[in-house]
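The numbers here are math on the coordinates, done by the rules we state, and not lab data. Computed from a predicted model, the values in this text were never measured in an experiment. Methodologically, a virtual Cβ is constructed for each residue, glycine included, from the backbone with ideal geometry; neighbour enumeration extends over all protein chains shown.
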Amino acid sequence: DAGVTQSPTHLIKTRGQQVTLRCSPKSGHDTVSWYQQALGQGPQFIFQYYEEEERQRGNFPDRFSGHQFPNYSSELNVNALLLGDSALYLCASSTDRGRLRGNIQYFGAGTRLSVL
Amino acid sequence: QQPVQSPQAVILREGEDAVINCSSSKALYSVHWYRQKHGEAPVFLMILLKGGEQKGHEKISASFNEKKQQSSLYLTASQLSYSGTYFCGTESERGSTLGRLYFGRGTQLTVWP
């Protein structure tokens, strides 16, 4: 049973460019959440997708956008990259039916984004 | 709404015990514990729900004080494999934010032989 997979594992971009990160959830999961983890910090919630719609959003600018596909996979897009966007981007998947009984989220290994 | 973890770092010898604490200023629905090793995904350890239900790792125990909005993770007879950074993630009681986790800054645990 494949866990949460993310691609690419590493990415180097320059300021002003745009980037797309991809996530495939764990088999049987229908909800995808994205987190940003700066060096030495805990993950910070960006947004969550369910039924191809953004259900919740954290305190991130509109430069951060996402999408969920019918097969539950998801993309995170960041436009007009800033140096401060350099971080590990984590995807976590879960099931909506578990939401009211403790929503265990399973994380992928992340995409390390470096903005030069 | 970020929870506060303590201590920031712990150094142990194999076989020693450790306690990691997590405290929130908001009413909590659940507390989640993860361990992350360098360059790897955070690995789920334990979830504690309001009302007392727990799900998680057999060899790790934790507590959740609902009145104080505090949780503690107990690591007993530590092994080398326990080394890593431990994060608590909290889920607010507000229905609209269910499923959104707020993470602390982490506790770095190092176990020496």
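Things worth noting here:
- Normalised by the number of residues in chain A, the average gap of Cα pairs under 8 Å and 6 or more apart makes the relative contact order 36 percent.
- Fluctuation leader among B:Gly56, B:Gly39, B:Gly99 - chain B, Gaussian network, Cα springs under 10 angstrom: B:Gly39
- Magnitude of the charge dipole for region B:27-113, about its Cα centre and with charges confined to Cβ atoms of Lys, Arg (+1) and Asp, Glu (-1), is about 140 debye.
- In this Cβ point-charge picture (+1 for Lys and Arg, -1 for Asp and Glu), chain A has a dipole of about 300 debye about its Cα centre.
- Most to least packed among B:69-81, A:41-53 [average Cβ atoms within 10 Å]: A:41-53, B:69-81
- For chain A, the alpha carbon positions stretch 41, 27, 27 Å along the principal axes, listed from largest to smallest.
- Considering only Cα atoms, the convex hull volume of the protein assembly as shown works out to 122 Å³ per residue.
- Ascending count of other beta-carbon atoms within 10 Å, so fewest first, for B:Leu49, B:Leu28, A:Leu82: A:Leu82, B:Leu49, B:Leu28
- Where trypsin sites (Lys or Arg not before Pro) in DSSP loops with at most 13 other Cβ within 10 Å are excluded, longest remaining stretch of chain B: B:1-36
- Normalised alpha carbon radius of gyration of chain B [divisor 2.2 N^0.38 Å]: 1.02
- Inter-chain shielding of B:24-32 (mean C-beta neighbours from other protein chains, 10 Å cut-off): 1
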